[in-house]
Every structure is written in C-alpha cells, then in structure tokens.
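Here is the structure we will look at.
Each reported figure results from applying straightforward, stated rules to the coordinates on display, with no laboratory input. Computed from a predicted structure; not experimentally measured. Don't worry about glycine lacking a Cβ; one is built from the backbone with ideal geometry, like all the others, and counts go over all protein chains shown.
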Amino acid sequence: MSSLRSPLGRVAGLGAARGGVQHWWLQRLTSIALVPLAVWFLVCLLRLPAFDHATVTGWMSQTWTAVLLILLLLVACWHSQIGIRVIVEDYVHGAGARTLTLVIVTFAHTFIAFAGVFAILKVAFGAAR
Amino acid sequence: MSRYTLVTSILNRFTGAGLSVGLLLFVYWLMAVASGGRAYAQAQHVLAHGIFKVLYAALVIAVCYHLVAGIRHLVWDTGHGLERAQSQRSAWLVIAVSLVLIALVGFCLLSARGQGA
C-alpha cells in the first residue's frame, strides 16, 4: 500500500487523527497534572488531625489549599468526563442512546465541577459558618 | 492477548469509573462543608454509615491502583516498555507498587484513627 489511509477514510475524506487526537491529548495532559495533585490531596487528608467543621474549614481557607483544591477538582472532573465518555462510546450502542448518555454525562460533570468550585470558594472566603 | 494485560487494563478502567463516583462523594462533602457547621454535622452523620466506610476503602484502593497504572500508561505513551516481556514485568510492578501504596495509606488511616481522630 502506498498510503496508510484506509479506503473508507479516503472515501469519507476524513483522516484518522484530526479531531480524535484532541481527547487523547487532553486525557494525557490531565493524567500528568493529576499525579502531583492526587498525591498532594491524599497527603493532606492523611495529615488532617480531625474532620470536624472547624478543622476542615481552617484547612480549606488557606490560600494555597483552596487554589490546589479547585485545580484538583476541575482537572479530575475533566479527566473523569473524558474517561466516562470513552466507556460510554465503547459500551452504549445506538446513536440516540449514546448521544443522550453523553449529554447527561457532560452535564453531570459540569454541574459537579461548578458546585465544587463554588463550595471551595465559599469556604475560602470565610462564608461557611 | 495475554491475560495480565487484559486484567491490568480493565482494572484501570474499572477503578477510573469508581473514582468518578468518588468525585460525586467529594463534591457532596465540599457542599456540606460550605453549608455551615450544622449542615456539616448532619452530613458527617450520613457519611459515617457503614456503607460509606466500605466505599472509602474501595476508593483508597481505586486511587492507588489508578494512579500507579496511569503512570504505566504515561510511560507507554513515551514509547517505552511496550515489549511483551517488559509489559509483563510492569504489570506485576503496578500490582506490587499499588499494593504497597494501599497498605501505606491504610496504615496511616488506621493509626490516625487509633489516636482518636
């Protein structure tokens, strides 16, 4: 074969790696970011002396804690959305059901991300009494 | 297709899906913290239920495995370790390292609880 492009791809006029590479790259990018963020979060949780409201809000209202928590949450939601999307694409058959599932999954992740960021900011700004 | 590749790969997907559920729990906890002391105390009561304790243990296992297995995938993406013998070795390494990590986190959690935290 003189070309690596499949006959179907040539007919459809689509290359293999155009839009498809975007999700792959974002999944790798979020993976790399999540390695230090997840380790940081685990260590923080293990080092918290207690889980009562005063201790937790005291920890979360430290500037760097709030910033890193927001980063962790957003990157984790992004990573999760891409991961669940791949699982849905693999196991949910039928265009209608698949599209509907992907809409729900994306909405749910966006909702979770915004709720979490708002919660962290509210605590960080001292409004969670 | 060798079995070790199959198992480590499906476990990565499985733990990843579990961690998405963990994300729900994490945001529920964050919302509870943000809702003030009284609401947080109520949420703490809910989160202390036995079902959640099983879930916490599962999440610790899932985080440790997904983290270690994910690093293996990142190494693969650089084009290294893709030979059959290498990937078999790294499959065992992933299982061993994640088991050590699970034991370490579990030990820290249990010893912290022993101090009354």
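Shown in residue order for the stretch B:99-111 are the 3J(HN,Hα) couplings computed by the Karplus curve 6.51 cos²θ - 1.76 cosθ + 1.60 at θ = phi - 60°: 5, 4, 4, 4, 5, 5, 5, x, 4, 4, 4, 5, 6 Hz (x for Gly and Pro). If you fit an axis through the alpha-carbon atoms of helix A:63-91 and take the longest principal axis of the Cα set of chain A, what angle between them do you get, 0 to 90°, nearest 10? Tilt relative to chain A: about 30 degrees. In percent, rounded to a whole number, the relative contact order of chain A is 29, using alpha-carbon pairs under 8 Å and six or more apart.
Legend: ranking of residues A:Val117, B:Val33 from fewest to most surrounding C-beta atoms inside 10 Å; resulting order A:Val117, B:Val33.
Estimated from helical segments only, the mean residue ellipticity of the protein assembly as shown at 222 nm is -29000 deg cm²/dmol, where each DSSP H run of four or more residues counts as -39500 (n - 2.57). Placing +1 on the Cβ of every Lys and Arg and -1 on the Cβ of every Asp and Glu, with no other charges, gives the protein assembly as shown a dipole of roughly 200 debye about its Cα centre. From the alpha carbon centroid of the stretch B:42-71 to that of the stretch A:111-126 is 21 Å. A simple rule links phi to the HN-Hα coupling: the Karplus curve 6.51 cos²θ - 1.76 cosθ + 1.60 with θ = phi - 60°, which for the stretch B:76-87 gives 4, 5, 7, x, 9, x, 8, 5, 4, 5, 5, 6 Hz, with x for Gly and Pro.
Note that the stretch A:36-48 has calculated 3J(HN,Hα) couplings of x, 5, 5, 5, 4, 5, 4, 4, 4, 4, 5, 8, 4 Hz, one per residue in order, obtained from phi through the Karplus relation 6.51 cos²θ - 1.76 cosθ + 1.60 (θ = phi - 60°); glycine and proline are x. Spatially, the stretch B:7-40 and the stretch A:86-110 are offset by 20 Å when compared through their Cα centroids.
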